[in-house]
Amino acid sequence: MKPLAALLSMSVMLSGHAAAADYSKVMWAYATGQSKVTPAMDSRLMGEVVMQIWVKPAGVPVEGLMFLYMPKRSQAHWALMAVEPAAPARELFGAKTVTSLGRQADPRRPELVWNLYRLEDGTFKSLYYMDGTGVEKSGRRVRVVMLVTPQVMEGRLSPSDFLK
């Protein structure tokens, strides 16, 4: 009876692991304008930066979602930021494997430190994300997870830049 119980226990653990959520397709739908949800804010600053913000977006367990796109630089200059996510970053971005690249201090606010990761698989394979706590203009501390392309990483974009 013990081997059967162990087998059942193992199968329950494995099925729970396999059932991890994957919000990457929904996140990508927001970023590419395929979502039917209208952003709470949609701004285009002289063709330099496109910024869209959704508050409590449907289908994603976050308080806020922000998409940033810098078309003047290139099509590869974009980022997707989740504020106060209720799911792990791996689930938001649909990755099973991530590589930790260490911690990075915010260049403009050294008291803020971001954990940096590279996604090794999934929808956003080879992109990076930063995970940490930022401070809103009101002084409220919020957890932020920001998906960025390698091109944006070179520009040293920080999530703090957008929490003002």
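The values are calculated or read from the model by the stated rules, or taken from the named source; none is laboratory data. Bear in mind the structure is a predicted one, so any value in this text is a computation, not a measurement. Heads up, the Cβs are rebuilt from the backbone with ideal geometry, glycines too, and the neighbour counts pull from every protein chain shown. Quick note on the areas: whole protein, heavy atoms, side chains included, nothing else; ligands and nucleic acids left out. Shrake-Rupley method; radii C 1.70, N 1.55, O 1.52, S 1.80 Å.
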Check the stretch 52-67 and report whether any residue there is open to solvent by less than 70 Å² (accessible area, probe 1.4 Å), touching a helix residue (DSSP H, G or I) at 6+ places or on another chain (Cβ under 8 Å) and in contact (Cβ under 8 Å) with a residue 60 or more places away in the chain. yes
Of all residues in the stretch 60-75, which are assigned to a loop (DSSP other than H, G, I, E, B) and within 19 Å of the chain's Cα centre (by Cα)? Val60, Pro61, Val62, Glu63, Met70, Gln75
Among the residues of the stretch 77-130, write down those that are surrounded by fewer than 20 Cβ atoms within 10 Å (Cβ to Cβ), of a type outside the set (Gly, Ala, Ser) and part of a strand (DSSP E or B). Val98, Thr99, Leu101, Arg103, Gln104, Val113, Asn115, Leu116, Arg118
Considering only residues that are part of a loop (DSSP other than H, G, I, E, B) and of a type in the set (A, V, I, L, M), look in the stretch 21-59 and name the one that is farthest from His77 (Cα to Cα). Ala21
The stretch 142-164 - residue that is closer than 18 Å to Phe124 by Cα and modelled with pLDDT of 90 or more and, of those, most open to solvent (accessible area, probe 1.4 Å): Pro150
Step by step: first the residues of the stretch 135-153, then only those that are in a strand (DSSP E or B) and touching a residue at least 40 places away in the same chain (Cβ under 8 Å), then the one that is farthest from the chain's Cα centre (by Cα). Which residue is that? Val142
